[in-house]
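Everything on this sheet refers to the single structure shown next.
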Amino acid sequence: MTCLFAMNTGATYARKSRAGGRFGLMLSLALLLGACSALPDKPLRAALYDFGPGAMVSMPATRQAPLAPIALAEITTPGGVLDNQTVLYRLAYDDAQQLRPYAQARWSMPPAQLIRQRLRDTLGRTRAVLNAGEGPALNRSANQGVLPRVLQLELDEFSHFFESPATSVGLIRLRATLVEATPSGEKLLAQRSITVVRPAPSTDAPGGVRALTAATDAAIEEIATWLQQIP
């Protein structure tokens, strides 16, 4: 609209200019068209990513899950760098200590929330999964009058990691802690550090997202297996 008004104004001025004549009109229009073409385009909207739709079929209903219920705490992220929706990457060959954001890529929610949602879905296939600290009476009723064990996770790394300009992986690193509620407080039952990498199919944001999704699923399966091994 602004360019159209300017073109009309320029054309009117050129018609009124006796010195310029037709040449002045053509010159004015050329200058105005050039200025319009130099205006910046509308900013692109960032692509929004998650881990996909998950299971496409319902799990068969059973009267009792085969494993004891577990309570899932909120996943913590030290330092707060992962508390937003930015898709991050690192360049191992150019200052690996620097986390860099993809300009046009975002997670649908902070990574810790996406991971917790995926973990809940996976553990829920074989046991009841409750929210730690919410509804103690419900938690006890689901575990025969005893508060269920609590799984705590700390997310330390979640990035698209470039080993070279042509090679990259999705990297997730977290620490899992299983505790039991006792009259004197929480009792540590087991703890495990988990690091998983999965190759990225491409060296861009979509490739990083797919690699991080695969790495997350592998880490969750490792956690599920580890929990079953704890007496």
Checklist line | A166-T203 pseudo-label distance in nm [points 7 Å out on the Cα-to-Cβ vector] | finding: 0.8
Check: What residues have an amide H closer than 5 Å to that of T86, excluding those fewer than 5 places away on the same chain, when H is modeled at 1.01 Å from N in the peptide plane?
Finding: W107
Notebook entry, point to check: With contacts defined as alpha carbon pairs under 8 Å and 6 or more residues apart, what's the relative contact order of the range 157-209 in percent?
Noted result: 36
Next item on the list: For the range 172-182, just list the computed ³J(HN,Hα) in residue order, Karplus coefficients 6.51, -1.76 and 1.60, θ = phi - 60°, integers in Hz, with x standing in for Gly and Pro.
Entry: 10, 9, 8, 10, 9, 10, 10, 10, 10, 7, 10
Item checked: Long-range HN-HN contacts of E157 with modeled amide H, under 5 Å -> R173
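Suppose the chain between Q98 and R125 were pulled fully straight at 0.36 nm per residue; how much longer would it get relative to their current alpha carbon spacing?
Fully extending the segment from Q98 to R125 adds 5.9 nm.
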Check: Which residues' amide hydrogens lie under 5 Å from the amide hydrogen of L130, considering only partners 5 or more residues apart or on another chain, with H built in the peptide plane?
Finding: I70, A71, L72
Notebook entry, point to check: Taking the Cβ-Cβ separation of E134 and A218 as r and a Förster radius of 30 Å, what is the calculated FRET efficiency to the nearest 0.05?
Noted result: 0.55
Notebook entry, point to check: So what is the relative contact order of the range 108-219, in percent, for Cα pairs below 8 Å that sit 6 or more residues apart?
Noted result: 21
Notebook entry, point to check: Taking θ as phi - 60°, what are the ³J(HN,Hα) couplings along the range 150-167 by the Karplus curve (6.51, -1.76, 1.60), each to the nearest whole Hz, with x for Gly and Pro?
Noted result: 10, 9, 10, 10, 10, 8, 9, 8, 7, 8, 8, 9, 8, 6, 7, x, 10, 10
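Only the coordinates and a few stated rules stand behind these numbers; no lab work does. These numbers were taken from a predicted model, which means no experiment stands behind them. Positions of Cβ are generated from backbone atoms using ideal geometry, with glycine treated the same way; all protein chains shown enter the neighbour counts.
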